[in-house]
1. For B:Pro48, which inter-copy label distances result when the label point lies 7 Å beyond Cα on the Cα-to-Cβ vector, reported in nm to one decimal and in ascending order?
2. Let's see if you can work this out: charge +1 on each Lys and Arg Cβ, -1 on each Asp and Glu Cβ, no other charges. What is the dipole magnitude of the protein assembly as shown about its Cα centre, in debye to the nearest 20?
3. Using a label point 7 angstrom from Cα along Cα-to-C-beta, what distances in nm, from shortest up, separate A:Ala146 from the other copies?
4. So if I take the centroid of the Cα atoms in region B:201-256 and the same for region A:1-43, what is the distance between those two points in Å?
5. Taking the Cβ of each residue in B:Val61, B:Val112 as the centre, tally the other Cβ atoms inside 10 Å and list the residues starting with the fewest.
6. For A:Ala346, which sequence-distant residues (separation of 5 or more, or a different chain) have an amide H within less than 5 Å of its own amide H, given hydrogens modelled in the peptide plane?
7. Taking the Cα centre of chain B as origin and charging only Cβ (+1 Lys, Arg; -1 Asp, Glu), how large is the dipole, in debye to the nearest 20?
8. How much mean residue ellipticity at 222 nm does chain B get from its helices, if each DSSP H run of length 4 or more adds -39500 (n - 2.57) and you divide by all residues, to the nearest 500 deg cm²/dmol?
There are 2 protein chains.
Amino acid sequence: MKTPRQTRLAQTLPASVPFVGPETQERKRGKVFAARLGANESVFGPSPRAINAMQKAAHDVWMYGDPESYDLTHALAKKHDVAPENILVGEGIDGILGYTVRLFLEPGDTVVTSAGAYPTLNYHVAGFGGNIVTVPFTGDHEDPKALVAKAHEVGAKIVYLANPDNPMGTWHYGPMIDDMIAALPKGCLLILDEAYIEFAPQHTAPDLDVTNPQVLRMRTFSKAYGMAGARVGYAIGHAENIQAFNKIRNHFGMSRISQAGALEALADTTYLAETLEKVAHAREHLYQIAQDNGLTALPSATNFVTMDCGRDGAFAKRVLAELLARDIFVRMPFVAPQDRCIRISAASEADLALFARALPEALQAASR
Amino acid sequence: MKTPRQTRLAQTLPASVPFVGPETQERKRGKVFAARLGANESVFGPSPRAINAMQKAAHDVWMYGDPESYDLTHALAKKHDVAPENILVGEGIDGILGYTVRLFLEPGDTVVTSAGAYPTLNYHVAGFGGNIVTVPFTGDHEDPKALVAKAHEVGAKIVYLANPDNPMGTWHYGPMIDDMIAALPKGCLLILDEAYIEFAPQHTAPDLDVTNPQVLRMRTFSKAYGMAGARVGYAIGHAENIQAFNKIRNHFGMSRISQAGALEALADTTYLAETLEKVAHAREHLYQIAQDNGLTALPSATNFVTMDCGRDGAFAKRVLAELLARDIFVRMPFVAPQDRCIRISAASEADLALFARALPEALQAASR
């Protein structure tokens, strides 16, 4: 009996988790959170039509989901006015990011991203043996010019940009992204993560151009569509890249219930519009709460608001801990200088009232 | 603008699909199937308690699933009388197979499996740059001794055995598997795929031994629990191996609805017992239908029955085509000599009546 050896790469990997889930924290605390404002989920939930479709599909769950996600793929193609060959439906952006790294990144290749940007991207890059090179945020924005310059400098295979970005909630307008695309090094792939795009002002998304093989855009049902637990994301891109995923993806990986829910959520444009309005309202409320407490809220194009606690990372960390101790689940940026902030998801009036009550106490306790 | 190059490995991969889904076939035919008997799904469905739990969870789908699948992991640990550290919940056996290959197989390493065994394993092995070496079935059974002998001969890193096996439905008893385990080459991992184990006679599964790091056992909610579309599988094994998956798995990959459903399905042991009885009854019915048509049914320890059409692969293929033309979705083994057979999933009386009516016509048409 001899333990099978993991791959040389796997042996080097830490047993890392991109995020600790709120349930894990609740188990450690021995107490559930009163308000779940840390994962940028949408408490406004999916469309009732989507819930209804999922409940109906629960009866059909004895059948595997359609491995082509045909209906959803075609509906998304229609929505975006591209061909179905330009759409890949997958198990959330997290899943698709993993596939993308696997498909394009040789061990030793380099990925350029922003310091403190989405850690799940870094997790996948490490997991496939790639190197991460970062550039700092500039004025709390990801910096497209610096990202591209660094990509040229290090010969990056992939460059990652979230627009709007997480964890700061800031954004760039389409023309700035188009300039970035035009300046990409030859053969370098831009992963343009647009998970929060529905919440953003007009002209934040550059026009779709699926003739450009250097850009892969990622969207999700986890945020504006309120279906984080269903695991449905999609990529939009050049047909050749999109079809390449068929060589490696888990063809029967999609939940049948999730497919049915996403299709119906997509169709209910009225509910989406209502959600966007609720989120806009919640953002305003969060700006006000920040102001009431002498904090600076960053203008947000997402379903969360990032608040500058006005001091260093250690202070913000204490504020966070005090909020958690008051049963409010929030998160904060990992990296300085963004780690002077805390990040609060848009939520119901009831949830925001709990936060509004806890914040002054937390600030006071953290200042002691 | 220059197309980003896929990895050297990805460039060598065909755009392959392990199986063509029934929905794809329906779209090509322009007509839905009257009976869906080809994917070894369970038309008896999940427990009503599981359906109810999934319907309730649909309201909570705005939240990500628990990345630890804590409740389900602990319930499974209790059921199998092992520690939670010995259980990995994942996105179906398909998903876990992919993770396993990625974790243990270096490019160029060899995997030994049976010719005509589960193609999704081969798909993942190719996808991570491994080599597949096969041994033939012996008397329509996978051959544990031949598998181990070949593993020694080629220095295999992984050997794969399904027990009971798919596509033939045959099985070995536990002691035979224990002998196989004892004879494994040092450092070689046995993936023991027990997707169909609940349908098998007592003593088909060897006793669990999670102290042995050379064995990884895979189970699923897709078959006996009737939840193929939910994508919930699990692995049981040595804690060190199980924990290693945390280095590479998609931590937020599980659907929250599926987690809730699987937990409740597991608890409803009465419903499981009823399903197993229905499947046993359907198998008897299928044996009878085979006999009525002069075909030889293989004794099955699964939720399907494989029927020897008595001639060559070309003939069985014609029978299959004639069944499909009569709106009956079935599949057949890919590889000679098993490809003389067709494979029919256990199903409702109504579905089996449709099959019983179509089969003699199909045989006659195929004989012309």
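Throughout, read-outs are computed from the coordinates displayed, never taken from laboratory work. For clarity, every value in this text was computed on a predicted model and none was experimentally measured. Backbone-built Cβ (ideal geometry, glycine too); neighbour counts: all protein chains shown.
1. Label-point separations across copies, in nm and ascending: 2.6.
2. 760 debye
3. The projected label point of A:Ala146 is separated from its counterparts by 6.2 nm.
4. Measuring centre to centre over Cα atoms gives 18 Å.
5. Placing the least packed residue first, the sequence is B:Val112, B:Val61.
6. For A:Ala346, whose amide H was placed from the backbone, the distant partners under 5 Å are A:Phe304, A:Val305.
7. Values: 35 positive and 40 negative charges, 293 e Å.
Dipole size: approximately 1400 debye.
8. Numbers: 13 runs with 151 residues, N = 368.
Dividing the helical sum by the residues of chain B leaves -12500 deg cm²/dmol.
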